[in-house]
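> Questions regarding the structure given below will be posed in turn.
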Amino acid sequence: MVEEVEILELVPVEAEGAKAVEGLPDVGLVGAIATSYLVDQLGMEEVAHVDSELLPPIMVLHKGKLKNPIRIYGSRDLLILVSEIAIPVEALNPLVKALAGWFKEKGIGLMISLGGIPVPNRLDIENPAVYGVPNGEEASRLLMNSGIELMEEGFVAGAYAMFLRESMKRSMPAVALLAQSYLQYPDPGAAAATLNALGKLLGQVFDVKPLLDKAEEIRIKTRDLMKQARTAMMGMQKPRENEVPLMYT
Amino acid sequence: MWRRRRSIFDWVDEFFDKLEETLFKPSWDVEECCLEPLIDVEERDEYVIVTADLPFVERKEDIKLDVTEDTLIIEANMTKSFRLERWGTVQRDVEFRSFRKLVRLPTLVNPEGAKATFKRGMLRVMLPKKVKRYTIKVE
């Protein structure tokens with residue numbers, strides 16, 4: 001039987017106890033900007049890519065080399081999932097299930113999603129706050145011990161919500177780190193905020209100054225990806241994140 | 001909330017604009033050396049609010065806005081030109097120096113009442129809607 005989504009390893013991947021970070025294109029492209037910057041900053045090598053007929057027929061060229069648009073970069077302690085295309089809503093569930101399954105198989109110790117929470121007054125916010133969403137007690141303790149404030153009530157929607165769910169089903173601790181951001185515009189400032197929070201979680205410091213210095217260039221380069229992500233977000237019921245849950249206590 | 005009744009021609013125009021934008025039209029123009037900015041159009045009770053992301057535009061004096069009852073044209077010059085030397089084919093040779101976008105508004109507005117602000121690279125244009133409002137007394 002042909003799988004709907006395949007994770008194809010370029011080299012044997014051994015990641016027992018490692019952390020996995022994902023930043024699929026979403027609100028403000030926060031996760032996408034953060035993960036692609038992190039890969040570059042840490043000089044990571046590609047270890048796998050994602051293949052599926054559910055995805056649009058797109059490949060990407062970098063330095064003359066043809067690459068799949070959804071790729072996993074890795075070192076012994078860290079795997080990073082990067083996507084250069086917005087994920088169509090019909091592909092999201094199978095994609096996240098396949099990735100969560102693969103991360104579990106590799107023995108990942110913690111799944112981390114980087115993303116944004118849209119706020120209407122983002123223009124007036126100099127330093128976006130970051131909130132954590134855990135998928136269980138262990139994840140909750142990790143966030144609290146790192147000094148990251150938890151989101152307590154509300155809806156979460158999109159790729160990171162699916163990663164939290166699929167990790168929970170596989171008894172894998174997972175957190176989402178969500179920075180206050182623009183909804184419709186690429187937000188390198190929010191991406192930098194999530195990387196600072198990720199550093200607290202992992203006990204290391206990531207240098208975000210180069211990211212902030214190139215913020216305007218990033219805003220131009222990511223215009224088209226942001227347009228794709230806007231369309232995809234409507235199908236993911238992102239507006240539900242503004243609603244109060246029925247059983248709010 | 002009152003809306004101007006849209007004619008079939010408005011729907012057709014909008015459909016082909018979106019089709020062109022989605023399928024054919026890149027977000028850059030090599031002849032004019034300009035880029036199309038990301039914009040958002042929000043219709044509220046009294047206003048249409050158009051925002052635009054304008055990176056590398058630093059001064060409000062570099063922005064030109066022309067508004068009619070149903071369109072807004074945004075033009076802005078960048079302080080620093082932008083070029084990606086290894087990207088694509090024709091566009092790799094271009095230094096982009098400005099932004100330009102024609103925005104079709106969802107309803108008629110009053111151009112004379114329009115106001116605009118520019119902060120940290122974000123343009124915000126508030127366009128009062130051209131509506132006649134009546135108060136209804138509840139018996």
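The values are calculated or read from the model by the stated rules, or taken from the named source; none is laboratory data. These numbers were taken from a predicted model, which means no experiment stands behind them. Because the Cβ atoms are built from the backbone with ideal geometry, glycine has one as well, and the counts that use them run over all protein chains shown. Quick note on the areas: whole protein, heavy atoms, side chains included, nothing else; ligands and nucleic acids left out. Shrake-Rupley method; radii C 1.70, N 1.55, O 1.52, S 1.80 Å.
> So which residues of segment B:59-102 lose at least 40 Å² of accessible area, probe 1.4 Å, when you go from the chain by itself to every protein chain present?
B:Phe82
> Then there is this: Trypsin sites (Lys or Arg not before Pro) within segment B:32-139: which are DSSP loop residues with at most 15 other Cβ atoms inside 10 Å?
Answer by residue number: B:Arg44, B:Arg59, B:Arg83, B:Arg86, B:Arg120, B:Lys130, B:Lys132, B:Arg133, B:Lys137.
> Once A and B are treated as a pair rather than alone, how much accessible area drops out, both sides summed, in Å² to 100, probe 1.4 Å?
1900
> Follow-up question, since we're still on this one. Binning at 20 angstrom from zero up to the longest distance, how are the C-alpha pair distances of the protein assembly as shown distributed in percent?
Histogramming the protein assembly as shown at 20 Å steps yields 26, 54, 19, 1 percent.
> Given the options A:Leu24, A:Leu150, A:Leu195, state which has the largest fluctuation in a GNM of chain A using a 10 Å cut-off (strictly under) for Cα springs.
Comparing A:Leu24, A:Leu150, A:Leu195 in a Gaussian network model of chain A, the most mobile one is A:Leu150.
> Counting only protein heavy atoms and using a 1.4 Å probe, what share of the accessible area of the protein assembly as shown belongs to carbon plus sulfur, as a whole percent?
Summing carbon and sulfur atoms, their accessible area is 52 percent of the total for the protein assembly as shown.
> Turning to a different aspect of this structure: Please check segment B:103-133 for residues whose accessible area, probe 1.4 Å, is lower by 40 Å² or more when all protein chains are in place than in their chain alone.
In segment B:103-133, residues shielded by partner chains: B:Lys119, B:Arg120, B:Met122.
> Over the whole of A:216-222, what's the average partner chain Cβ count within 10 Å per residue? Rounded to a whole number, please.
6
> Sticking with this one: Enter the accessible area of A:Lys104 (Å², nearest 10), with the probe set to 1.4 Å and all protein chains included.
90
> Within the set A:Lys214/B:Lys64; A:Lys221/B:Lys119; A:Lys238/B:Lys60; B:Lys60/B:Lys115; B:Lys60/B:Lys132, which residue pairs have Cα atoms separated by over 23 Å?
Violating the 23 Å Cα-Cα cut-off are A:Lys214/B:Lys64; A:Lys238/B:Lys60; B:Lys60/B:Lys132.
> What number comes out for accessible area per residue over the protein assembly as shown if the probe is 1.4 Å? Units Å², please.
55
> How much net charge surrounds B:Val57 when only the other residues with a Cβ under 15 Å from the Cβ of B:Val57 are counted, with Lys and Arg +1 and Asp and Glu -1?
+4
> Can you give the direction-averaged projected area of the convex hull of the alpha-carbon atoms in segment A:185-249, in nm²?
The Cα convex hull of segment A:185-249, projected and averaged over all directions, gives 6.6 nm².
> Would you jot down the residues in segment A:169-190 that end up with at least 40 Å² less accessible area in the complete protein assembly than in the chain alone, with a 1.4 Å probe?
Buried on complex formation: A:Tyr185.
> Once each part is reduced to its C-alpha centroid, what is the distance from segment A:175-222 to segment A:20-58 in angstrom?
One Cα centre to the other: 14 Å.
> Let me ask something else. Explain nothing, just compute: Karplus ³J(HN,Hα) = 6.51 cos²θ - 1.76 cosθ + 1.60, θ = phi - 60°, for every residue of segment A:57-67 in order, whole Hz, x for Gly and Pro.
With coefficients 6.51, -1.76 and 1.60, one gets x, 10, 10, 10, 10, 9, 6, x, 9, 7, 9 Hz.
> About the Cα centre of segment A:66-109, what is the dipole size in debye to 20, counting +1 per Lys and Arg Cβ and -1 per Asp and Glu Cβ, all else neutral?
The dipole of segment A:66-109 has a size of about 140 debye.
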